[in-house]
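Reading through the C-alpha cells given below for one structure.
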Amino acid sequence: MALSPAPILITGASQRVGLHCAQRLLADGQAVIISYRSEHPEVEQLRAAGAIAIHGDFSSEAGVLQFIAALKNHTDSLRAIVHNASEWLAETPGDEAQVFTRMFNVHMLAPYLINLHCEQLLHRCEVADIIHVSDDVTRKGSSKHIAYCASKAGLDSLTLSFAARFAPRIKVNGIAPALLMFQPHDDSAYRAKALAKSAMGIEPGPEVIYQSLRYLLDNPYVTGTTLTVNGGRHVK
C-alpha cells in the first residue's frame, strides 16, 4: 500500500484488533485517525505514536453525527474508513429492545451515516476504500446473540449496497473474522472447545486481520466482497 497523506480512519481502535491495525499502520508511516468510546492507556499510546484520537459514542444517532462533525474538524480527506467499532451484547429479559437498538446503531447506523457524510472526504483521494468488519457468525446465525448477529449481517448488506453506490471511485469491502483472540478470563475448557470449531485449530491473533486489511487496500480490482477469515470453520 502506497502511503497517503490523507489519514485512514479506524473506528473502535482503542483495544484488540482495531488497536493492532492502528499500531501497524502508524509503524508503516501511514497517518491514522481513531475513534474511541472510553479512555484507555492504549489511546494515549496511539496519540504518542502520532494518531489523532476522537471520542465517539455510536450508540445513538446524535453521537454518530457529533463524531462526524468532530472528524471533519480534523481532516478534509480520508484514504480509507475501517468500521471496526463493535458491541457484544446478549439478549436479556426486559432489555431486548434496548439491546437490539444499540446493536443496530453501532453496527449499521454508524457505518451508514459515516459513509454517506464522509463520501466527499474519500473522493479527495485518488484511491479510497471503505472496509466493514463483520463477523463469521452471520453464516449460520446465533441463538444467544440474535441482535448482534442480525446487525452484523446488516453490515454485510451495507457492503454490497455501498460498493454499488460508490463505484468506481471508492472500493467497499468487508472482513468477517471468527475467533481471533481469547479473553484473559477464558478457561482451558472454553479455549479447547472454541479451537475445535475450526479446521486450523489455532488462535491466530489480530495480525491476520491487518493482513486482510492490507490486501483490500492494495488490490484495485476487489469491491463488494467480504473476506472470510475463520480458519476453515465452514468446512468442519
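A short reminder: the numbers here are calculations on the coordinates, not readings from a lab. Every value quoted in this text rests on a predicted model; they were computed, and no experiment measured them. As a convention, Cβ positions derive from the backbone with ideal geometry for all residues, glycine included, and neighbour counts pool all protein chains shown.
Each Lys and Arg Cβ is given +1 and each Asp and Glu Cβ -1; about its Cα centre, the chain then shows a dipole of about 560 debye. By a straight-distance test (C-alpha under 18 Å), which aspartates and glutamates pair with residue 171 as possible cross-link partners, with residues fewer than eight away in the same chain excluded? Leaving aside aspartates and glutamates fewer than 8 places away in the same chain, those within reach of residue 171 are 119, 126, 129, 156, 218.
Only Cα pairs under 8 Å and 6+ residues apart enter the sum, and on that basis the relative contact order of the chain stands at 18 percent. Here the 3J(HN,Hα) profile of region 58-75, calculated from phi with Karplus coefficients 6.51, -1.76 and 1.60 at θ = phi - 60°, is 8, 7, 9, 4, 4, x, 5, 5, 5, 5, 4, 4, 5, 4, 5, 6, 9, 8 Hz, Gly and Pro shown as x. Among 122, 109, the ranking by other beta carbons within 10 Å of each residue's beta carbon, starting with the fewest, stands as 109, 122. Extension gain, residue 156 to residue 62, is 31.5 nm, computed as 0.36 nm per intervening residue step minus the present C-alpha separation. Computed from Cα positions, the angle between helix 16-27 and the longest principal axis of the chain comes to roughly 30 degrees.
Here the Karplus curve 6.51 cos²θ - 1.76 cosθ + 1.60, taken at θ = phi - 60°, turns the phi angles of region 112-126 into couplings of 4, 5, 5, 4, 5, 7, 10, 4, 5, 5, 5, 5, 7, 10, 5 Hz, with x standing for Gly and Pro. Our estimate of slack between residue 49 and residue 181, defined as 0.36 nm per intervening residue step minus the Cα-Cα distance, is 45.1 nm.
Close amide H contacts of residue 175 (hydrogens built in the peptide plane, cut-off under 5 Å, sequence separation of 5 or more or a different chain): 132, 133, 134, 227. The 3J(HN,Hα) values that the Karplus relation (6.51, -1.76, 1.60; θ = phi - 60°) gives for region 3-10 are, in residue order, 5, 10, x, 6, x, 9, 8, 10 Hz. Gly and Pro appear as x.
What translational diffusion coefficient, to the nearest whole µm²/s, does region 1-145 have by Stokes-Einstein, given a Kirkwood radius computed over alpha-carbon pairs, a temperature of 25 °C and 0.890 mPa s viscosity? The diffusion coefficient I find is 155 µm²/s.
Panel order for 34, 146, 81, by other beta carbons found within 10 Å of each beta carbon, from fewest to most: 146, 81, 34. Treating each Cα of region 93-152 as an identical point scatterer and summing with the Debye formula, the log10 of I(q)/I(0) at q = 0.17, 0.23 Å⁻¹ comes to -0.67, -0.93.
Within the set of other residues whose C-beta is less than 14 Å from the C-beta of residue 72, count the net charge using Lys and Arg as +1 and Asp and Glu as -1. Neighbourhood net charge equals -1.
In the chain, the calculated helix contribution to ellipticity at 222 nm averages -12500 deg cm²/dmol per residue, counting -39,500 (n - 2.57) for every DSSP H run with n ≥ 4.
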